[in-house]
Amino acid sequence: MSTTARRLIVKAALTARERVRHLLRFIGPRVNALLPVSLPVSCLTFPACLAYSVSACTAERRYRGMADRDRNKKVLLELLKMPGNGRCADCQTADPDWASYRLGIFICLNCSGTHRNLPEVSRVKSIRLDFWDDDLVEYMKCIGNNAAKAIYEKDVPIFYYRPKSSDCVVLKEQWIRAKYERREFTGDKSQPQSISNYGSHQGFLWKRGKENSQFLRRKFILSMDDYTLKYYNKEESKGPKAVIFVKDLNALFQPEKIGHNHGLQLTFLKDEHTRNIFVYHEEAKEIVHWYNAIRAVRFSYLKTAFPTATDLEHREPFKKRWFILDSQERRLLYFKCPLDATEKGSVFIGSKEHGYDVTNSLPKGARGNKWKCGITVVTPDRKFVFTCENERELREWIEVLNAVITRPMSPQDYTSNISCFFFYYYFILYSLSAILDALAS
């Protein structure tokens, strides 16, 4: 008798109990079990007995696997209801359907594509479609979006742009890589790409020519010393082709408009006219670094120009000012008197997707005014605080400001210089003297 035959003996002799239930007994070195069959054992050949037993075991495992899958799926869906998990950990898209089981975070479909390109730091699964082992579900329970944010976004600088779901791919991709791959914001200064690298920056960018629309390699220097951006036509030029002050400079990604995935539009004022420069860089990391470096220098300038703007508490008395909202040009202008020929200052009102917002509230610590109907206008760089005389004016200002903020930005918001007939909204607001005095200087 062969070794296999000696190790596995199929007994066709049925006991009285087995005849009724049609049970097949398997006897081996490590098994002695009864398996149910649909036919009398005498009708089954040896290979059929083996195939039937394997099929029965597979079906049982499949049934147990389906039960585990449904149970773990319910657990994951319940985890999505926990604070912080209901939005993508990277772009804030609502109701994420994917998760990184290495990082313990819940993410959206679009961001999961970037995570797939980072196999050394992240691995993703679909919450609803993929099978989840018990240990992976337990890990997701232990981490979650809020706990991961406390680690990977511990030290994000205030000027660094956090992408939204509607932003271009390069911004979201580099945000994810900066957080998890390069770990720039964990507070570990030993990392080669720490936040201290932002600020003054120089390098080469491809700039579109004014006449022939061809992109040419040009040297750019961003300086925090004099708050300027300079570019040169030739590497060894004695002087720059243009000097742009950061107080008049805005940067916006425009990949479709420029025709390159890393296309960046630089908009600035020159001789009271709006000018645009279109640039790109081959490396995604480099062009996003330029974008955030411009924001860093601009933020440094604002801190120098308005040193009291970031104070948590404002104790100075409020002063009365006259405000006009130019909804077409997206600017909130203010005057010392209603009949002044020129404004004392202005605030650009961008779109919500670019970090602008308005709320009917006063910051904690604001005091010294009898009008309590507060408005806070949030911009990427700072907050502006005003008060209205009554609830009616408060509602009207909130309505017209929201109408501008919820309207998407258009190229004309940066490039148009055509005179238009504007509708103005005239209301009296009160603002903090520290902010207004700084703007008036």
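No lab work stands behind these numbers, since they all come straight from the coordinates. The shown structure was predicted, so the numbers you read here are calculated from the model rather than taken from an experiment. Every residue, glycine as well, gets a Cβ built from its backbone with ideal geometry; the counts of neighbours run over all protein chains shown.
Applying a threshold of 19 Å to the alpha-carbon distances of LYS230/LYS383; LYS247/LYS344; LYS207/LYS257; LYS149/LYS172; LYS336/LYS372; LYS210/LYS257 flags LYS230/LYS383; LYS336/LYS372 as lying beyond it.
What does the charge add up to near ARG123, with Lys and Arg as +1, Asp and Glu as -1, over the other residues with Cβ less than 9 Å from its Cβ?
On the way: positive: ARG102, ARG116, LYS125; negative: none.
For residues surrounding ARG123, the net value is +3.
Bridging of LYS73 to lysines at a Cα separation below 19 Å is possible for LYS81, LYS125, LYS141, once same-chain residues fewer than 8 apart are set aside.
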